Amino acid sequence: MIESARPIEADLVISGSRISAIGPGATGPSDAEVLDRRGHYVMPGLVQTHVHLVQTVFRGLAEDLTLLDWLRRRVWPLEAAHDEQTIRASMRLGLLELLLSGTTTVLDMGTTKHGDAQAEELSRSGIRAYFGQAMMDTGEGAPDGLLETTRASLDASAALHKRWHRSANGRLHYSYAPRFALSCTRELLEAVATLAKMNDLLVHTHSNEDPNERVAIEAATGRTPVAYLVETGIASERAVAAHGVHVDDGELQMLRDTRMSFTHCPTSNLKLGAGIADVQRLRGARVSVGLGTDGAACNNRLDGFEEARMATLLARSLHGLGALTAENALVMATRDGARVLRAESEFGTLEVGKRADIVVIDSSRLASGGDPATRLVFGGGSRGVRDVFVDGTQVVRDGGALTLDAAEVRAKGAEAQALLLRRASLS
């Protein structure tokens with residue numbers, strides 16, 4: 001068993017949705033189901049604090065473009081072409097990949113429509129999710145089918161919050177999702193900041209991702225990206241921004257003062273040519289940092305173990321060996337992700353009383369040699385995933401999904417991709 005990345009030999013008992021006992025010889029009720037996984041690793045489920053599940057079916061359709069062109073030429077037209085059925089197909093495909101590779105919690109940003117379909121698919125899959133319908137009331141190059149009025153955007157989020165926050169026995173939490181500074185008016189950002197504080201909700205956005213994005217924000221606002229988020233009230237302990245690649249010293253101090261968090265998306269940043277986020281510098285300033293795969297349109301995988309591996313390799317390239325160990329990376333992918341979501345007391349580690357969000361790894365499927373953390377991060381952790389539990393309910397057993405029909409999900413995903421290409425006139 002791996003607890004806070006350090007292994008112990010033990011049994012674990014789940015009662016209802018929570019862990020009720022951990023230790024050698026720990027037992028449950030006489031009629032409890034016993035899952036014999038001797039010789040396996042048992043660890044907290046991975047927590048990904050930035051994903052775009054509506055983009056799963058865009059995989060391979062937006063290659064070799066930098067951020068702003070990637071958005072304007074491919075991703076936004078494809079999102080505008082979505083209808084409820086293609087969103088459902090994309091969500092299911094992404095959820096299947098996440099669960100089978102050991103992710104139990106996500107912070108998911110949808111598109112600007114069909115937020116109920118997004119929520120329904122998250123609920124049915126069994127995953128734990130913090131989610132929001134994307135908010136966009138402006139944006140150079142954004143298709144008309146993607147833009148909203150400020151009022152319509154706020155009203156849609158208010159309705160989704162009312163219907164879905166703390167639903168599915170508390171597995172689903174709503175979060176405001178203003179896309180980024182270039183696609184949201186100041187009026188929208190200020191309103192979101194006020195509402196998030198009033199309702200004590202997370203704000204999920206993007207910031208400091210790409211050099212050209214930074215220049216464009218400074219030209220549009222007269223402020224650095226973080227300074228603009230501070231000025232509009234977005235930057236706070238409730239805010240989670242993806243990326244944090246290009247952060248100057250003044251912004252770093254603002255992050256520390258406001259307690260805003262970032263999500264490190266190393267593969268996405270490299271693939272879009274955006275740069276390398278200096279995670280050690282952020283963490284050294286006491287900025288909470290989680291991990292995320294971003295989306296299949298820019299990764300192209302949703303494997304949280306691979307992101308942990310990439311995070312430690314990039315930290316070593318910037319600061320040398322020991323900068324971010326395999327154990328550190330696993331903690332970032334679990335406990336630190338829960339901290340970013342302000343839920344560290346509920347999940348992210350294996351402790352009695354916490355939610356039973358658990359991954360069981362068949363160690364024989366990993367590359368041999370090394371301690372458990374090394375084998376999980378560098379030995380192909382996701383390929384060893386055998387069982388997954390979320391809130392005490394098993395959602396993966398013996399490597400197969402229990403809440404999704406894998407063959408049907410993959411077939412519908414392929415159909416949705418072909419349909420969207422035609423609709424967006426990109427085929």
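The values are calculated or read from the model by the stated rules, or taken from the named source; none is laboratory data. None of the values given here were measured: they were computed from a predicted structure. Cβ: placed from backbone, ideal geometry, glycine included. Neighbour counts: every protein chain shown. Areas reflect the complete protein model, heavy atoms only, side chains present, ligands, DNA and RNA absent. Shrake-Rupley method; radii C 1.70, N 1.55, O 1.52, S 1.80 Å.
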**OP:** Quick one: net charge around Ile217, please, counting Lys, Arg +1 and Asp, Glu -1 for every other residue with C-beta under 15 Å from its C-beta.
**Re:** -4
Original post:
Among the lysines, which have Cα under 25 Å from the Cα of Lys162 when same-chain residues fewer than 8 positions away are ignored?
Top reply: Lys113, Lys197
**OP:** Counting helices only, and only those DSSP H runs with n ≥ 4, report the 222 nm mean residue ellipticity of the chain as the sum of -39,500 (n - 2.57) divided by its residues, in deg cm²/dmol to the nearest 500.
**Re:** -11000 deg cm²/dmol
Subject >> For the chain, alpha-carbon Rg relative to the globular expectation (2.2 N^0.38 Å, N residues) >> reply: 0.93
Subject >> Integer Hz, Karplus 6.51/-1.76/1.60 couplings in order for the range 132-149, x for Gly and Pro >> reply: x, 6, 4, 10, 8, 10, 6, x, 4, x, 7, x, 4, x, 10, 7, 10, 7
Subject >> Spin-label model distance (nm) - Glu9 vs Arg286, 7 Å beyond Cα toward Cβ >> reply: 4.1
**OP:** Amide H neighbours of Gly290 under 5 Å, at least 5 residues apart or on other chains, H built in the peptide plane: list them.
**Re:** Phe262, Thr263, His264
**OP:** Project the alpha carbons of the range 1-119 onto their principal axes and report the range along each, largest first, in whole Å.
**Re:** 58, 29, 18
Original post:
Roughly what % of Cα-Cα distances in the range 292-427 sit above 28 Å, to the whole percent?
Top reply: 29
**OP:** Taking the dipole about the Cα centre of the chain, with the C-beta of Lys and Arg at +1 and of Asp and Glu at -1, give me whichever of His264, Ala311, Phe180 is farthest to the positive side.
**Re:** Ala311
Original post:
Ser15's amide H: which non-local residues (gap 5+, or another chain) put their own amide H closer than 5 Å, with H modeled 1.01 Å from N in plane and none for Pro or chain starts?
Top reply: Ser20
**OP:** Any chance you could look up the accessible area of Asp303 with a 1.4 Å probe, heavy atoms only, rounded to 10 Å²?
**Re:** 20
**OP:** Taking amide H positions as placed in the peptide plane 1.01 Å from N, state which residues far from Ala26 in sequence (5 or more) or on other chains have amide H under 5 Å from it.
**Re:** Asp11
Subject >> Beta bridges by DSSP in the chain, antiparallel share as percent, to the nearest 5 >> reply: 45
Subject >> Residues of the chain: accessible area per residue with a 1.4 Å probe, Å² >> reply: 37
